[in-house]
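Colleague: One structure, as structure tokens, below. Some questions next.
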Amino acid sequence: MKSYNSLRNYYSIVESDNNIVVNSDVSGGTGTEVTYSVGDYVWFDTNKDGLQTNGENPAANVLVTLTYSDGTTKSVYTDASGHYQFNGLFDKESYTISFTPPAGYVLTTSNTGSNDAIDSDGSSVTVTIKAANDMTIDAGLIPDPVSQSTSTSLSNSVRNSTSVSTSTSLSDSVRNSTSVSTSTSLSDSVRNSTSVSPQQVYPTQCVIRHQKV
């Protein structure tokens, strides 16, 4: 029977003729269980394709957190080359790796393509050790424009007619819009009609204003 002590050293117990013999495991002769590591890389995804591409820069000092099955955590920061690593992890156990983007950034699209070694894995990833190191847990960063505002003013006066003004606001963020609104400063005596029909807008908030001059 294989058992573990509090230091994760393991040993075998053999019962024979009412005698109990305790032996360290035959693997290596040290009685210490083999451990493994998880990493690996955080980078600035300049072309926003979710993949590590030549010429894209590493992201240093990004907070990465490992959560154990009992809820305890350990945190590290990526080094100057964008790499991080957690050591001393055990076979067949599961851990969660979480990335905290620095201010002004969000994570790029995750799980793009079929090569797990060069894609971005999302904000939180569960890893189960399978008797090997796992150096494929990566994260790409892109700028996060929190909000945008576009103001459009008419440059001509109109009487007994209709004036149409169109504003377009574009964003580099990968997140879908949660709020799109319009506002005007036309007087009550002026009949005004505004509309917004966003097909695919990405900023957190896009505000379009139509104003009489």
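Colleague: So if I check each of Val64, Val21, Val38, Val42, which one is at pLDDT below 95 and among the β-branched types (Val, Ile, Thr)?
Modeller: Values: Val64 fails: at pLDDT below 95; Val38 fails: at pLDDT below 95; Val42 fails: at pLDDT below 95.
Val21 is the lone residue from the list that is at pLDDT below 95 and among the β-branched types (Val, Ile, Thr).
Colleague: Which members of the stretch 59-109 meet the condition of being of a type in the set (Val, Ile, Thr) and farther than 15 Å from Asp134 by Cβ?
Modeller: Step one: list which residues in the stretch 59-109 are of a type in the set (Val, Ile, Thr), which gives 62, 64-65, 67, 72-73, 76, 78, 96-97, 100, 106, 108-109.
Listed by number, the residues that qualify are Val62, Thr65, Thr67, Thr72, Thr73, Val76, Thr78, Thr100, Val106, Thr108, Thr109.
Residue-by-condition table, conditions (1) in a strand (DSSP E or B); (2) loosely packed, with under 15 Cβ neighbours inside 10 Å:
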{"position": "Thr53", "(1), (2)": "no, yes"}
{"position": "Glu56", "(1), (2)": "no, no"}
{"position": "Leu66", "(1), (2)": "yes, no"}
{"position": "Ala80", "(1), (2)": "no, yes"}
{"position": "Lys92", "(1), (2)": "no, yes"}
{"position": "Tyr95", "(1), (2)": "yes, no"}
{"position": "Pro102", "(1), (2)": "no, yes"}
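The values are calculated or read from the model by the stated rules, or taken from the named source; none is laboratory data. The model shown is predicted, which means the values in this text are computed figures rather than measured ones. Positions of Cβ are backbone-derived with ideal geometry, glycine not excepted, and every protein chain shown enters the neighbour counts.
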